[in-house]
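The values are calculated or read from the model by the stated rules, or taken from the named source; none is laboratory data. Quantities reported herein were computed from a predicted structural model and do not represent experimental measurements. Reconstructed Cβ throughout: ideal geometry from the backbone, glycine too, with neighbour counts over all protein chains shown.
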Amino acid sequence: MDLSDLARQSGEWLRGTGPESDIVISTRIRLARNVAGHTFNTVANDDQKAEIAQIVAAAIKKCRMKDVMYVPLKEAARLDCLLLLERHLISKELATSDGERGVAFGRTEMRSIMVNEEDHLRSQVLRSGFQPEVAWDEVNQVDDQLAGKLDFAFHPQFGYLTACPTNVGTGMRVSIMLHLPALVALRQIDKVFSAVSKMNLAVRGLYGEGTHASGDFYQISNQVTLGKSEVQIIEDVKRVVPKIVSYERKTRETWVKDDPKSLEDKVWRAYGMLRAARRITSEETMDLLSAVRMGVNMEVIPDLEIRTVNELFIQSQPAHLQRIEGQELNDHDRDIARASFIRSRLGDGKN
């Protein structure tokens, strides 16, 4: 598998086939681990990081995970690092840092392992829709395979030891990506933030910590990893996310009931602009696609597949677009190429 091909294909989580996928884009579970007897990355020097990268990459290879490729990021082009970030296969920190580091992932993109991010390795499973138990079973299998090849830093009282104290314990981070355009449009989103914070959950943007909520996407994730089991953490998330999903759906229903023409205008205006624009920024694209995605799921726009819309959210991002075009582009030319690409995908509403 070549990274250039990655820009044009669709990972499992983008297909919009999972439970509650009209609201829940994806479920991600990530486990932070460190190799016992080795310095944490926060204080490790370049030689120590290089040794860890070699050890972990060798362990991944010995696990013989199906269709998994390992990408050493130190030698990777800047554009490829950004592509993997846009794909949610690596974090912003891993994409922009220096030194020996890498990522392993499979063809479906459901499983990936980051090497030498904040911790020595972070295993991740990403699934379409709301599937926390399924994601946990799968990432646990990955973790068990790696544990058979590596000795993880573990304390009998505190659990898995991590570079950041907030990850000590299970080392588990459950993140649910939600699309909440109605709550944003009708100014109800602050109520969600307030309720979530009271449950010791965090709200982050499209690409996690330190990013903004582009395209009305929000990630809900646990903050506590110490003193709770993995099952308890999942149960905490399960108590909150369905309520947010229900709130978004009821808000959409209220919008249809109280002011259907304003909803239709927002959706069709966004769809028309995307199909007609000759130059468009990434930020404007995200906002317009958000309205279109809501319109498809509410059956305002017929004959447009949700998978196409989901893919456009990713493929219209700067690194994906440049990979598809086969060349690096400045901001002006990228905006023109983006508009052309979107028109080609939405031309007949199906492609």
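Of the helices (runs of 4 or more DSSP H) contained entirely in segment 244-351, those carrying at least 2 residues that are exposed (fewer than 14 other Cβ atoms within 10 Å of the Cβ) and either modelled with pLDDT of 95 or more or not hydrophobic (A, V, I, L, M, F, W, C) (or both) fall at 260-276, 331-346. In segment 113-136, the residues that are free of Cβ contacts under 8 Å to residues at least 60 places away in the same chain form Cβ pairs under 9 Å with partners that are aromatic (Phe, Trp, Tyr), at six or more places apart or across chains, as follows: Ile113/Tyr70; Ile113/Phe105. Looking across segment 1-48, the residues that are among the acidic types (Asp, Glu) and under 23 Å from Arg204 (Cβ atoms) come down to Glu12, Glu20, Asp22. Considered as a group, the residues in segment 25-53 that are of a type in the set (S, T, N, Q) and in contact (Cβ under 8 Å) with a residue 40 or more places away in the chain include one that is surrounded by the fewest Cβ atoms within 10 Å (Cβ to Cβ), and that residue is Thr42.
Results for (1) at pLDDT below 95; (2) of a type in the set (D, E, K, R); (3) out of contact with any strand residue (DSSP E or B) (no Cβ under 6 Å at 6 or more places or on another chain); (4) assigned to a loop (DSSP other than H, G, I, E, B), shown as yes or no for each residue.
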{"residue": "Thr27", "(1), (2), (3), (4)": "no, no, no, no"}
{"residue": "Thr42", "(1), (2), (3), (4)": "yes, no, yes, yes"}
{"residue": "Ala53", "(1), (2), (3), (4)": "no, no, no, no"}
{"residue": "Met69", "(1), (2), (3), (4)": "yes, no, yes, no"}
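In summary, Arg78 fulfils each of the numbered conditions (1) out of contact with any helix residue (DSSP H, G or I) (no Cβ under 7 Å at 6 or more places or on another chain); (2) under 13 Å from Val115 (Cβ atoms) with the single exception of condition (2). Against the definition (surrounded by fewer than 13 Cβ atoms within 10 Å (Cβ to Cβ), out of contact with any Pro (no Cβ under 6 Å at 6 or more places or on another chain) and outside the structural domain of Thr308 (by TED's automatic domain parsing)), how does Arg239 come out, yes or no? Judged against the criteria, Arg239 is a match. One residue stands out in segment 121-141 among those that are of a type in the set (A, V, I, L, M) and buried (at least 20 other Cβ atoms within 10 Å of the Cβ): the one that is farthest from Val174 (Cα to Cα), namely Leu121. Checking Gly11, Gly16 one by one, the residue that is modelled with pLDDT under 95, crowded, with 16+ Cβ neighbours inside 10 Å and on the phi > 0 side of the Ramachandran plot is Gly16 and no other.
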